[in-house]
1. Of all residues in the stretch 158-192, which are of a type in the set (A, V, I, L, M) and touching an Asp or Glu at 6+ places or on another chain (Cβ under 9 Å)?
2. Kindly indicate the residue of the stretch 167-192 that is charged (D, E, K, R), open to solvent by 60 Å² or more (accessible area, probe 1.4 Å) and out of contact with any Phe, Trp or Tyr (no Cβ under 9 Å at 6 or more places or on another chain) and also farthest from Gln102 (Cα to Cα) among those meeting that condition.
3. Which pairs have Cβ atoms under 7 Å, sit 6 or more apart or on different chains, and link a residue in the stretch 134-153 that is closer than 15 Å to Glu94 by Cβ and of a type in the set (A, V, I, L, M) to one that is open to solvent by 50 Å² or more (accessible area, probe 1.4 Å) and modelled with pLDDT under 90?
4. Just give me the residues in the stretch 164-192 being within 11 Å of the chain's Cα centre (by Cα) and part of a loop (DSSP other than H, G, I, E, B), in sequence order.
5. Return the only residue of Gln89, Gln84 being farther than 22 Å from Gly105 by Cβ, among the polar types (S, T, N, Q) and touching a residue at least 60 places away in the same chain (Cβ under 8 Å).
6. Hey, any hits in the stretch 60-76 for a residue that's within 19 Å of the chain's Cα centre (by Cα) and among the polar types (S, T, N, Q)?
7. How many residues, within the stretch 121-166, are crowded, with 16+ Cβ neighbours inside 10 Å, aliphatic (A, V, I, L, M), more than 19 Å from Ile98 (Cα to Cα) and modelled with pLDDT under 90?
8. Looking only at residues that are among the basic types (Lys, Arg) and over 18 Å from Glu6 (Cα atoms) in the stretch 49-102, which one is most open to solvent (accessible area, probe 1.4 Å)?
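The values are calculated or read from the model by the stated rules, or taken from the named source; none is laboratory data. For clarity, every value in this text was computed on a predicted model and none was experimentally measured. All Cβ positions, even for glycine, are placed from backbone atoms using ideal geometry, and neighbour counts span all protein chains on display. Side chains are part of the model used for accessible areas, which takes the heavy atoms of the whole protein and leaves out ligands, DNA and RNA. Shrake-Rupley method; radii C 1.70, N 1.55, O 1.52, S 1.80 Å.
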Amino acid sequence: MQVPVEIAFHNIDSSDWAETVIRGRVSELERLFDRITSCRVRVDQRAKSNGTSIPPVVRIEIGIPGRADLVVSHEPEHLQRKYQRPDLQKAINEAFRIAERQLVGLKEQRQGKTKAIYSDIQNQRLGQVAEVQPEQDFGYLVTSEGSLLYFHRNSVLAGDFDALGRGDELYYVEGVGDTGPVATKVRVKTPE
């Protein structure tokens, strides 16, 4: 890396263990993708809501030559949906998991090994609707691994978005959105 790692804490006390974990995870990113020129990590604790502390946000900006910075950030609600008790350790792990996935995708794209050369059938997975917000045009599905993936009304290629309900089975292809993994090319599983 050409520029030393920058770590900043905002509205939260700096801690040695968090800095150590972050530096270790940045080193893993460098091993995964050796063209990283800079990395800035900001840990931000937003205001408290209803007397309870909302999870911290970890924002990672990765400098890569020949493109705009790769930015990973998630809203506190993402952690609250994914974990029963979200904390700083989980926020750091989730942000770096998303960054790793995006770097692997970028590396494959640059090596010409993108998933686009394969058919969707080989890449599709089966999940279930966890939540649907028809009035806001989005929903979440549960993967076979138990994680939640966001999907938009426009991602539903087969089936009626407005008719979706909790537990309905969906085929999907996992992609990368602005804030991390998302479900794309969603198809409602038809009864056999």
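1. Start the filter on the stretch 158-192 by keeping residues that are of a type in the set (A, V, I, L, M), which leaves 158, 163-164, 170, 173, 176, 182-183, 186, 188.
If the condition is that a residue be of a type in the set (A, V, I, L, M) and touching an Asp or Glu at 6+ places or on another chain (Cβ under 9 Å), then Val173, Val182, Ala183, Val188 are the ones that fit.
2. Across the stretch 167-192, the extreme among qualifying residues is Glu192.
3. Leu148/Arg81; Leu148/Lys82
4. Residues satisfying the conditions are Asp178, Thr179.
5. Details: Gln84 fails: touching a residue at least 60 places away in the same chain (Cβ under 8 Å).
Matching residue, one of Gln89, Gln84: Gln89.
6. yes
7. 1
8. Taking the stretch 49-102 and keeping what is among the basic types (Lys, Arg), we get 59, 67, 81-82, 85, 90, 97, 101.
From what's left, over 18 Å from Glu6 (Cα atoms): 67, 81-82, 85, 90, 97, 101.
Values: Arg67: 99, Arg81: 91, Lys82: 65, Arg85: 174, Lys90: 63, Arg97: 70, Arg101: 91 Å².
By that ranking, first place goes to Arg85.
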